[in-house]
Every structure is written in structure tokens, then in C-alpha cells.
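Written below as C-alpha cells is the structure these notes are about.
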Amino acid sequence: MQFITKNSPPIDLDISYTNNLISKVHDTKFLGIYVDNTLSWKYHVKRITHKLSAACYELKSVKPSISQETLKEVYYPYFHSIVNYELILWGNSSFAAHGIL
């Protein structure tokens, strides 16, 4: 991944290792964090929002047919784990602290 600033065009680089061309990517997942080539949080937030939306839908779907206790048992591994791990990093960013995002 070639990191760039938002205002500058990327430099056309071809990088190879043992005569194999390394593919260019604009974003990737690294240790559970989605990183894009401008190091902004937009791609990460978009992916996490999708995951949380799916988790909300699943919880809403099963809520009428299970007990409150079982709903909590479904909530923690499915929804809370995403919030606890993947959002805590974004929440500690300097932009979030200043309300810029």
C-alpha cells in the first residue's frame, strides 16, 4: 500500500519481490483495523457501521422468540465485541476527541 496525502496524486510505483509484482491496494485490514491509503478513519467507520447494522438486524430478528437472558448471551459475542474492540481504537483518535469526525 502506498500512503498518500489527500491533496497529492499518488506516485506510480511498481514494486516486485523475487521477480513477482506486488499488487497495489487502496485499503486493507490489519489487526482488525481497516486502513486506507490516506490513513483516514472513513473506510474503517464504513466497515464497522455495516457490521453493527447487521448485528442490530440479527438481534431485532431473534428478540421476539427468545428470553431476555438469552438475548444478552447473543448480544455480547455478536454486537458488544465489535463495539468493544473495533470502535475503541477509532474513539481514541485525535479527530474523535475534538468532534471533527
### Query
How many residues, within segment 57-83, are modelled with pLDDT of 90 or more and closer than 24 Å to ILE33 by Cα?
1
### Hits in segment 15-56 - residues which are among the β-branched types (Val, Ile, Thr), closer than 14 Å to GLN2 by Cβ and loosely packed, with under 12 Cβ neighbours inside 10 Å
ILE15, ILE22, VAL25
### Message
Cβ contacts < 8 Å: first residue on the phi > 0 side of the Ramachandran plot and modelled with pLDDT of 85 or more, restricted to segment 34-56; second residue of a type in the set (S, T, N, Q) and in a helix (DSSP H, G or I), any location; separation 6+ or different chain. Result?
### Response
none
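The values are calculated or read from the model by the stated rules, or taken from the named source; none is laboratory data. Just so it is clear, the model here is predicted, and its values are computed rather than measured. Cβ coordinates were reconstructed from backbone atoms using ideal geometry, including for glycine residues, and neighbour counts include every protein chain displayed.
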